[in-house]
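Notes for the one structure printed next.
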Amino acid sequence: MSHSHPHAEAGASRRAAEFIELGDGIYQLPTDYPEVCNAPLWSYLIRSEERFALIDPGVRSTFGATLAGAIDALGLEVANTDLLLATHGHPDHSGGQSSWIDGAPGARIGAPLVDAPWVESFDRQWTQFWDDYPGILDNNPSREFLASLCVPEPTVDLLLRDGDEISVGSRRLSTVETRGHSWGHCAYFDRDSRALFTGDAVQGRGIVASDATTVFAPLYVDVAEARWGLRRLMELPFEQLCPAHVEPMDRDAGLAFLSESLAFIDEVDDLARRMVEHAAPSPLLTRDLAQRIGELTGTNPPVTPQTVPTARAHLYHLAREGVLDAAWVPSRRSS
């Protein structure tokens, strides 16, 4: 998930100690993201004696707002941080990695190989993602805020590929490439606990905002890749599914959530095909499909940094099938 609507920070520190033990040395830690961006977000701590890893350590402010306090409440030392691991390059998952440098200078920073350039350079991420929808969506008013979530950027120590094993003390995590949500998105599987940390790969029909006034629609940049990644996750022998923006769930609930995520992609595919039929011979505009996706999910306003990439992914998918021809048409604003 990625967001562009700042909210005032308030009260995050009082939640710092509200960690939840999930068993087998796995803990769910609160973040300040509900206050910063109006969206739920959790980091996950994997403990191996006195050493530990954190998966998706929030944005730049999260370390001081909640995570340092939660680690203290667990009886651990920040200096013993072994690994800061991002599932992908969006700021809410990798932006907080650099905040640990002073307190845990020995901590390794890990990220998927393909997304590492986004982790290391907000400017590159801006060009390749946030500013990649000319004529459809203008994120420039949010650029300064988005940069504040992740700048200064870290240097990635571990460039992770599908199948790579990562040590956390005496424990080992497996890297599972899922792609779809971003081009390099990875999940991480802990074989000791059979916990599967999925970041934003599994989104169901969207994530309800913290204040319940809107829904962050599922975001994926490629339809086939998103389906492929979800099916890969369904094949793993996980016992606990741990998404970033949704509460952890057991295997049965996790499989249902994965199925719901796949069903949503199929639903939008059907929607896009119907809109092509009704629009012909006129062009189907990306913003029009984004509008309908937003209405489908309850996103307000409907055209957002979530709905536009997803709409474009479906139009590209239909173009690859030969259902659509790509075309640039004069802007409504120029007529």
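Nothing in this text is a laboratory measurement; each read-out follows from the coordinates by a stated rule. All figures in this text were calculated on a predicted structure; none of them were measured in a lab. When we count neighbours, we look across all protein chains shown, and the Cβ atoms used for this are built from the backbone with ideal geometry, even at glycine.
Structural remarks
- Candidates per chymotrypsin sites (Phe, Trp or Tyr not before Pro) in segment 227-335, loop by DSSP, up to 11 other Cβ within 10 Å: Trp328
- Per residue, the chain reaches -8500 deg cm²/dmol at 222 nm when only DSSP H runs of four or more residues are counted, each adding -39500 (n - 2.57).
- Using a Förster distance of 25 Å, the FRET efficiency for Asp325-Ala263 (Cβ separation, nearest 0.05): 0.30
- Under 19 Å from a label point set 7 Å out along the Cα-to-Cβ vector of Ser142, the amide N atoms of segment 30-58 belong to 32-42, 58.
- Listed residues Leu22, Leu285, Trp183: farthest to the positive end of the dipole of the chain (Cβ charges): Leu285
- Stretched out straight at 0.36 nm per residue, the stretch from Val276 to Thr127 would grow longer than its current Cα-Cα span by 50.7 nm.
- For the chain, the Cβ-based charge dipole about the Cα centre amounts to some 660 debye (Lys, Arg positive; Asp, Glu negative; other atoms uncharged).
- At most 14 other Cβ within 10 Å, DSSP loop - chymotrypsin sites (Phe, Trp or Tyr not before Pro), segment 65-128: none
- Segment 61-99 and segment 112-187 have Cα centres separated by 16 Å.
- Dipole of segment 13-264 [Lys/Arg +1, Asp/Glu -1 at C-beta], most positive-end residue of Ala68, Pro237, Leu54: Pro237
- Most simply put, the chain has about 65% antiparallel DSSP beta bridges, counting only bridges with both residues inside it.
- Rule-of-thumb Rg ratio for segment 13-264 [Cα; 2.2 N^0.38 Å; N residues]: 0.93
- Computed FRET value (nearest 0.05) for Arg251 with Ser170, which takes r as the C-beta separation and R₀ as 25 Å: 0.50
- Against the main long axis of the alpha-carbon atoms of the chain, helix 223-234 sits at an angle near 40°.
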